[in-house]
Amino acid sequence: MSRKRHMPEYMKNPFASNGIDTEKILYAIHTDLAADGGFADAYVAVDEENLYILYGVEKVVKTQGAKRIVAAFEEKGLTTFKLSGLKELKTERQISTGRLYNAAQKDGESGEWVGEDELILTFSVGFLSQVERLCKVIKNLADGEEPLKDVKSDDDLFCPKCGTRYPEPERKLCLKCMDKRNITARLMAYFKYYKKKVALVVFAMVLGTGFQILSPYVSTVLLFDEVLTDGDRGWYGYVGLIVLAILVTRVMGVLMGVFHSIVLAKTMPWIIYDLKMRIFEAMQRLSIKFYTSKRTGSVMNRVDRDASNIYWFFVDGLPYILVNLMMFIGVITLMFIMHWQLALISILSIPITIILFRTLWGLFRRFHHRFWVYDSQLNSMVGDSINGQRVIKAFAREREEGMRFGATGLKQANVEISSMNLAVTAFPLINFFMFMGQIAVTIVGGIFVIEGDIPFGVFMAFIAYLTMLYGPLEFLSWVSNWWARCVDSAQRVFEVIDSQPEITEPDNPVIVESLNGDIELNNVWFEYEPAVPVLKGLTLTAYGGKMLGIVGKTGAGKSTMANLIARLYDVSEGGISIGGVNVKELPLAQLRQNIGVVSQEIYLFIGSIMDNIRYAKPESSVEDVIKAAKAASAHDFIMNLPDGYETRVGAGGQDLSGGEKQRLSIARTIIQNPQILILDEATAAMDTETEGKIQAALHKLQEGRTTIAIAHRLSTLKDADRLCVISEGKVVEEGTHEELIIKKGEYHKLYNIQMEGLKVINMD
């Protein structure tokens with residue numbers, strides 16, 4: 001892929017005027033600060049020999065012709081660095097800015113740093129990731145590699161259609177390009193699996209509405225003008241028949257309404273069930289990043305509240321929208337047939353009413369969205385409060401938590417008050433316009449009756465139909481509120497359904513018989529947040545069937561590395577392979593089923609201990625579960641619980657200690673029987689005696705498996721075949737315990753610190 005787009009056309013002339021061949025430029029980025037930290041536009045470009053930094057100011061200038069304004073660049077200065085003179089580039093993150101340095105070098109014999117870091121570039125911290133990629137290009141050139149090898153593009157951060165940056169890059173969903181007009185059609189698409197029932201509902205609604213429209217005509221025009229007047233009445237003279245006709249039309253209208261309600265009640269729950277399943281399944285496809293970037297309340301609202309809003313609209317809203325629309329059209333048509341002049345007067349207030357409806361629809365939708373946001377925040381606070389009760393009480397923060405909840409609740413209440421104030425103000429105004437229309441019809445219609453232009457029955461029919469006409473309009477005024485809530489919910493629902501997972505299945509997966517080969521991490525870069533890299537070119541190998549111990553300070557990137565191997569996240573740059581096959585080419589199910597992770601973060605699902613242990617392999621027998629529990633030193637404490645293996649744990653279940661939960665997690669991994677084992681502080685919450693038992697169990701589990709053990713306590717890694725020390729996202733040392741002690745580097749320092757700590761404990 002060409003990188004020429006990194007240099008706009010108007011930038012080429014300033015570079016060219018300085019004797020730089022722009023066709024040879026391999027990579028370029030744009031930053032926003034001058035060398036002294038002042039604001040400036042800086043274009044940084046690199047070719048095979050030099051690094052160029054062109055400072056200046058971008059301007060917009062007027063031109064003649066159709067293109068009135070164009071971008072221009074006013075040059076302020078050019079700095080050139082020979083690539084051969086750059087030793088090692090390094091970036092430094094500060095509070096709001098970043099620095100790019102040509103790093104000082106270590107003397108090979110003395111180990112002392114020679115010279116000082118040379119400042120090359122200053123930039124805002126938001127440009128850190130782009131500068132890191134520029135450094136990668138320069139390093140590739142120095143190593144004789146393809147310049148753009150493993151250099152991530154920003155393409156996947158922006159919508160290819162409109163160029164807008166994704167609000168949530170992990171979901172790659174552009175709200176601007178999302179077809180909001182198609183939301184209604186997409187909701188209706190869920191009815192396609194229930195065509196027969198929907199057809200019955202529509203038929204019953206049409207028939208019932210027809211009888212309702214016919215009823216006033218029979219009870220007014222036919223009764224007054226044909227039966228109760230003099231003249232040749234024929235069979236209409238029988239009052240009983242007219243009364244019977246009135247009764248039949250009313251009864252049939254009611255029966256059809258009951259019939260369509262019954263069919264609809266049997267259909268809608270299934271449609272909403274399908275919708276909720278689509279949401280939940282879509283959420284299961286999304287990557288871990290989606291859940292770490294969302295509050296629990298927001299996620300729960302999308303499955304529960306948003307789907308329920310759609311449900312109630314379709315049950316209490318949509319059917320009656322159709323009924324009232326048919327009623328409205330039928331009544332207007334019949335009124336024009338009976339007397340078009342009076343019908344014209346009757347509908348004069350309708351355009352004003354429709355305009356008010358459309359205005360209210362937009363206002364209510366904004367209110368509903370704000371209400372939803374505050375509701376999600378309140379749900380998240382409730383979840384935090386429930387899960388964090390021990391911390392809240394330990395720090396006596398009950399009052400503050402209540403105030404925090406109350407502050408958000410007050411914001412939500414204010415939104416609801418504003419919405420209700422709008423409703424109680426606007427809807428009476430609409431009713432007033434309806435009433436004025438009725439007054440006009442009564443006056444004009446009365447004059448027509450007195451002058452003999454229309455029969456009395458027709459006039460009475462108009463009064464009845466006017467009431468029927470304004471009934472649908474009043475309903476539509478309220479349903480606009482419901483529809484606003486439904487559309488707002490539907491948009492959020494479809495955002496989830498349409499989202500593309502960050503971690504995807506390979507197009508042509510590579511199927512392998514065994515994953516017990518070498519695990520290689522080659523120049524891996526990764527960042528949870530833009531411009532904040534956690535791993536910075538990490539390279540290491542875990543040999544098949546061997547145990548690799550990983551040590552390092554907190555935040556060095558040890559757990560991140562484990563997540564990347566299991567492909568819970570994808571690397572930003574570089575690659576990870578197992579047995580020579582890139583993990584991105586392996587089927588996700590095979591990869592994760594063969595990687596067992598015993599993490600320091602333990603989660604037990606709501607259910608029995610038995611179900612939690614065999615979660616990875618539900619078909620496991622009771623004997624297998626007990627065997628795994630014994631291997632994890634969990635059997636004894638399980639048997640002391642009220643119901644043994646059937647004791648319920650998780651939310652609202654038995655309260656277990658951290659060590660007990662960790663042993664259940666280990667038992668769950670043992671029953672999984674993975675080919676690759678990742679132990680991430682697996683014994684961190686255990687006492688020394690239990691840790692010894694677990695270490696013996698894990699030692700048996702490790703036989704014939706590739707094991708990566710992450711630990712702070714170096715004593716837990718005494719059986720490791722090799723050790724790696726990770727610091728600031730890089731491997732700084734590796735070797736056996738003896739080799740690293742002899743080196744007297746970072747590992748030696750950590751080892752001595754822990755030994756000194758143990759001496760102090762023993763003295764106490």
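The values are calculated or read from the model by the stated rules, or taken from the named source; none is laboratory data. Computed from a predicted model, the values in this text were never measured in an experiment. Neighbour counts run over all protein chains shown; Cβ positions are idealised from the backbone, glycine included. To get the accessible areas, we keep the full protein, side chains included, count just its heavy atoms, and leave off ligands, DNA and RNA. Shrake-Rupley method; radii C 1.70, N 1.55, O 1.52, S 1.80 Å.
Tabulated results
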| read-out | value |
| --- | --- |
| Selection from segment 607-657 of residues that are within 32 Å of the chain's Cα centre (by Cα) and open to solvent by 100 Å² or more (accessible area, probe 1.4 Å) | 615, 648 |
| Test for residue 96: is it more than 30 Å from residue 495 (Cβ to Cβ), surrounded by fewer than 17 Cβ atoms within 10 Å (Cβ to Cβ) and either at pLDDT 80 or above or more than 39 Å from the chain's Cα centre (by Cα) (or both) | no |
| Tally of residues being small (Gly, Ala, Ser) and either within 16 Å of residue 672 (Cα to Cα) or not in a strand (DSSP E or B) (or both) across segment 597-612 | 1 |
| Segment 375-407: number of residues that are within 23 Å of the chain's Cα centre (by Cα) and at pLDDT 85 or above | 0 |
| Filtered residue count, segment 527-557, keeping only those that are open to solvent by 10 Å² or more (accessible area, probe 1.4 Å) and either assigned to a strand (DSSP E or B) or at pLDDT 85 or above (or both) | 15 |
| Filter result for residue 685 (modelled with pLDDT under 85, open to solvent by 40 Å² or more (accessible area, probe 1.4 Å), under 24 Å from residue 637 (Cβ atoms) and not charged (D, E, K, R)) | yes |
| Residues being in contact (Cβ under 8 Å) with a residue 24 or more places away in the chain, out of contact with any Asp or Glu (no Cβ under 8 Å at 6 or more places or on another chain) and closer than 30 Å to residue 519 by Cβ - total across segment 628-653 | 5 |
| Criterion: in contact with a helix residue (DSSP H, G or I) (Cβ under 7 Å, 6 or more places away or on another chain) and modelled with pLDDT of 75 or more - qualifying residue of 300, 277, 326 | 326 |
| Condition check for residue 66: modelled with pLDDT under 80 and either aromatic (Phe, Trp, Tyr) or out of contact with any strand residue (DSSP E or B) (no Cβ under 8 Å at 6 or more places or on another chain) (or both) | yes |
| Residue match in segment 401-413 (condition: surrounded by 12 or more Cβ atoms within 10 Å (Cβ to Cβ), in a helix (DSSP H, G or I) and touching a Ser or Thr at 6+ places or on another chain (Cβ under 8 Å)) | yes |
| Filtered residues of segment 566-603 (kept if within 20 Å of residue 535 (Cβ to Cβ), open to solvent by 50 Å² or more (accessible area, probe 1.4 Å) and in contact with a helix residue (DSSP H, G or I) (Cβ under 9 Å, 6 or more places away or on another chain)) | 568, 597, 600, 601 |
| Single residue of segment 1-52 satisfying the filter (basic (Lys, Arg) and open to solvent by less than 60 Å² (accessible area, probe 1.4 Å)) that is modelled with the highest pLDDT | 12 |
| Filter result (among the hydrophobic types (A, V, I, L, M, F, W, C) and open to solvent by less than 40 Å² (accessible area, probe 1.4 Å)) within segment 732-750 | 740, 750 |
